[in-house]
Amino acid sequence: MLLLGITLQACNSNSQNNSGLTNEELAWLRKTTVENLVFVKGGTFMEGDVGYEDENGEHHLFGGRNCKPLHEVTLESYSMLKYEVSFKEFRLFLKATNRKAFKSIKGLKSGDPQLPARCIIWQEANDYCEWLAKVLNLPISLASESQWEYAARSRGLAVEHATDNAKLDFNINIKGRKGPHEGFPSGHFPPNPLGIYDMSGSREEWTKEKVVRGVGSSQASIYGRSFQSLENYGGKGIRLVVNSSKAIKK
């Protein structure tokens with residue numbers, strides 16, 4: 001009887017539900033996603049290159065690439081994933097939806113599952129968020145450009161880099177040239193003051209507007225932004241948000 005009970009329990013833990021995942025996989029994905037959300041209290045900020053005042057009181061721009069003209073934006077509160085979506089999470093999406101990635105990616109089938117997923121095209125990133133929204137029954141989407149920058153700047157602070165000290169200290173708070181080519185698992189370096197990791201110096205990340213935010217370690221200004229075609233699969237990662245004005249219960 002005891003053996004039968006153990007067998008039934010094992011079968012139940014591996015049974016499939018309407019998510020396309022086993023119960024165990026679904027429970028892990030739900031726990032991982034919800035526990036890694038950072039609540040971002042809404043507010044009004046100036047989006048774009050706000051610059052800084054030098055010791056003589058003169059105003060200078062940080063000089064980020066392709067910045068939008070400075071403009072005021074008001075955002076409702078939301079929650080953002082403090083880590084980029086990992087290979088492990090993205091593999092579950094591919095399994096559940098019975099699809100193949102746009103391109104065969106080194107690390108997708110092998111390598112460290114905790115590394116941030118890379119080489120994702122915009123449609124895949126958006127599809128992942130829409131799928132996860134249904135699976136977890138939460139209003140999940142890619143971050144908008146404004147949500148991305150507001151969080152990277154720790155609710156609109158006048159900073160250039162989304163690191164713990166707003167500066168680039170290579171091999172201390174951002175990957176240097178001698179770091180591993182594939183990068184580090186999320187959380188290797190300190191987060192920004194809001195508690196979000198790797199918005200400078202890790203993967204470039206897709207936004208809802210099909211614009212890439214964040215750049216590599218040599219030019220990691222949070223103001224960096226560029227438009228990409230959907231066929232461009234080089235280096236792009238996923239940073240999702242939950243569009244709810246209340247914090248998600250852990």
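Read the figures in this text as sums done on the coordinates, not as results from a lab. Computed from a predicted model, the values in this text were never measured in an experiment.
Brief remarks on what is shown
- Remark on the range 32-73: hydrodynamic radius 13.1 angstrom, per the Kirkwood mean of 1/r across alpha carbon pairs.
- Additional length obtainable on full extension of the chain from Glu53 to Lys100, 0.36 nm per residue less Cα span: 12.0 nm
- Relative contact order (%) - the range 21-242, alpha-carbon pairs under 8 angstrom, separation at least six: 25 percent
- Antiparallel DSSP beta bridges within the range 21-242, percent to nearest 5: 90 percent
- Among the listed pairs Lys134/Lys210; Lys100/Lys249; Lys95/Lys167; Lys31/Lys100; Lys175/Lys246; Lys167/Lys249, those whose Cα-Cα separation exceeds 30 Å are Lys100/Lys249; Lys95/Lys167; Lys175/Lys246; Lys167/Lys249.
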